[in-house]
Each structure stands twice: as structure tokens, then as C-alpha cells.
Amino acid sequence: MSYIAPAEFVTKMVDAGESKIFMSTRDTLVRAYMAGAILALAAAFAVTITVQTGNALAGAMLFPVGFCLLYLLGFDLLTGVFTLCPLALIDKRPGVTVNGVLRNWGLVFVGNFAGALTVAVMMAIIFTFGFSEAPNIVGQKIGHIGEGRTVGYAEHGAAGMLTLFIRGVLCNWMVSTGVVAAMMSTSVSGKVIGMWMPIMLFFYMGFEHSIVNMFLFPSGLMLGGNFSIYDYLVWNEIPTVVGNLVGGLAFVGLTLYSTHVRTAPKRSAA
């Protein structure tokens, strides 16, 4: 499967972060929109499998289909750019600034949210026959997920917020490991296998992924979930985004960069 050693793929991580920072606004938004939409479809797919089979592991095993597709198509998730873009800044790549990193994060967030929300509306229409009847069993499940992972945390106060944050950290530790694992191989099969394992793990363990939640919670609100937009933002999305940033950067990006960059091949001067 054409394995690439860490000393080599760490340089690819920095190169990827640099290219994303300098990407045009249009391309960044388009790629982020499609990434959010595809991941949302995968989440709907996984929840449907779980409900229809009664087996959460089956849903988790098949959810990575969406992640693999969006990665191979060159689309961008916020969780990935949280990990890759700061490395270009730390590596002092020419022209890379803090504002450039923040610009990329902001555009990708907007694109991911728009894509996930588009699919949320489409799936809500499907689950309710165009909002003409009560949600079907899958729609009801999504509504309950939204309640449990907003007001469920709020009921525990600070302990709930800490739990939410840690779930966000662990999520992007695994998701960003999947992003990096795809760089370990030059073959499609190798990339897919590398991505599949950590993505399956995070989904089955119920960790909090900010883009998956951009689908689940707006869907839940449309499908009658007993929680508010405030609950969604304060008791899920915002802490999850912060946790995803810490998990991806601290446990994947910085650790790999700090231990392998010294032995990474030097880039030739332009």
C-alpha cells in the first residue's frame, strides 16, 4: 500500500496547511460546503442504519464512507484545517500569518455549516414527507440525539460542559489521525484503510464532532427536538469547536510536528 514514513508525511501536513491558507475564498467555501454536505449525508446514513438494525456498531462501521469520499475529493472539514493550518505558521512558511489561518478557519466553518444545514433541511423533508406529518422513526431518533447532547449536558452544569469539551477533544484526536493516516499511503486503498479505523472509533464512542453536529442539531430542531438554538450553540456547538481545535492541534498536529520535523526532508529553496 506504499507506506510513507512519518518523517516524510509530516512535511506533507505542513504543505497541505500552507496550500489551504492561500486558497481562494471561492474554492475554500465550495470545498468546505461539499465537505459539510457529504459528512451530513454520512451521519444520516449511519443513524438510519443504527435505527433499522438496532446495532450502533453497524452504523459506526459504515459512517466513514462519507469521510473517505470527501477527503479523496479534496474537500475540507474544519476539524482538519484546525490541525494542518497552524503547522504552516509554526514552520514559518513565507506569507503565512495568524490572520491567514483565522481567515481559513472562518471560511471553512461557514462552508461546512451551510453544507450540513442544506442536507439537514433535505433530510427533514424526507423524514416528514415535506413537513406534512410527524417525523418517522429515524427523524424521531435524531430529535432525541439533539436533546440528550444539549440539555443532557446542561443538566450536569460545569461537569456537563467539561464532559462535552473532552468529547470534542477526543473526537478530533481521532478525526485528525484519520486525516494524517490518509497521508501515510500513496494508494487509494491504503488511504481508505488508514482513515476508516479512527473515524469508526470516534463515531461509535459518541465523541463530539462539530460538523456532524451542524447536521444533527439543526435537523433535531426541525424534527421536534425539545431544545433551543441557544442550547445547541452554548451546550454543544461552541464547546465542541473549541474541543476539536485542542484535540486536533495538541494531540496530532503539534505532537507529530515536534517529534518528526527535525528529521523531515528539507524543502529546496525556490
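The values are calculated or read from the model by the stated rules, or taken from the named source; none is laboratory data. Source: prediction; values computed, not measured. Ideal geometry is used to build each Cβ from the backbone, glycine not excepted, and the neighbour counts take in all protein chains shown. Note: accessible area is taken over every heavy atom of the protein model, side chains too, but ligands, DNA and RNA are not part of it. Shrake-Rupley method; radii C 1.70, N 1.55, O 1.52, S 1.80 Å.
Criterion first (within 28 Å of A32 (Cα to Cα), in contact with a Gly (Cβ under 9 Å, 6 or more places away or on another chain) and at pLDDT 95 or above) does R93 satisfy it?
So R93 fits the description; yes.
Identify all residues within segment 149-168 that are among the β-branched types (V, I, T) and either under 15 Å from F227 (Cα atoms) or touching a residue at least 40 places away in the same chain (Cβ under 8 Å) (or both); write none if there are none.
T150, V151, I166 - these are the residues of segment 149-168 that are among the β-branched types (V, I, T) and either under 15 Å from F227 (Cα atoms) or touching a residue at least 40 places away in the same chain (Cβ under 8 Å) (or both).
May I ask you to list the residues in segment 1-14 that are open to solvent by 30 Å² or more (accessible area, probe 1.4 Å), within 21 Å of C68 (Cβ to Cβ) and part of a helix (DSSP H, G or I)?
K12 - this is the single residue of segment 1-14 that is open to solvent by 30 Å² or more (accessible area, probe 1.4 Å), within 21 Å of C68 (Cβ to Cβ) and part of a helix (DSSP H, G or I).
Based on what the data block shows, is V108 assigned to a helix (DSSP H, G or I), out of contact with any Phe, Trp or Tyr (no Cβ under 7 Å at 6 or more places or on another chain), of a type in the set (A, V, I, L, M, F, W, C) and within 20 Å of E208 (Cβ to Cβ)?
Yes; evaluated as a whole, the condition is true for this residue.
Tell me, yes or no, whether segment 103-118 has at least one residue that is open to solvent by less than 30 Å² (accessible area, probe 1.4 Å), of a type outside the set (F, W, Y) and either more than 21 Å from the chain's Cα centre (by Cα) or more than 26 Å from S24 (Cα to Cα) (or both).
There is no residue in segment 103-118 that is open to solvent by less than 30 Å² (accessible area, probe 1.4 Å), of a type outside the set (F, W, Y) and either more than 21 Å from the chain's Cα centre (by Cα) or more than 26 Å from S24 (Cα to Cα) (or both).
The conditions are (1) farther than 19 Å from F202 by Cα; (2) open to solvent by less than 40 Å² (accessible area, probe 1.4 Å); (3) not in a helix (DSSP H, G or I), and G95 fails exactly one of them. Which is it?
(2)
Among the residues of segment 214-241, what is the count of those that are open to solvent by less than 20 Å² (accessible area, probe 1.4 Å), touching a residue at least 40 places away in the same chain (Cβ under 8 Å) and part of a helix (DSSP H, G or I)?
So the count comes out to 11.
Give just the number: which of (1) of a type in the set (V, I, T); (2) at pLDDT 95 or above; (3) surrounded by fewer than 23 Cβ atoms within 10 Å (Cβ to Cβ); (4) farther than 16 Å from V151 by Cα does V261 not satisfy?
Here V261 clears every test but (2).
What do you reckon, is G146 of a type outside the set (V, I, T), surrounded by 18 or more Cβ atoms within 10 Å (Cβ to Cβ) and farther than 25 Å from F82 by Cα?
no
Is at least one residue of segment 50-71 under 19 Å from K12 (Cα atoms), in a helix (DSSP H, G or I) and open to solvent by 20 Å² or more (accessible area, probe 1.4 Å)?
yes
Need the failing condition index for G74 against (1) touching a Ser or Thr at 6+ places or on another chain (Cβ under 8 Å); (2) outside any helix (DSSP H, G or I), just the number.
Every condition holds for G74 apart from (1).
Is it true that E208 is open to solvent by less than 10 Å² (accessible area, probe 1.4 Å) and either among the β-branched types (V, I, T) or in a loop (DSSP other than H, G, I, E, B) (or both)?
It is true that E208 is open to solvent by less than 10 Å² (accessible area, probe 1.4 Å) and either among the β-branched types (V, I, T) or in a loop (DSSP other than H, G, I, E, B) (or both).
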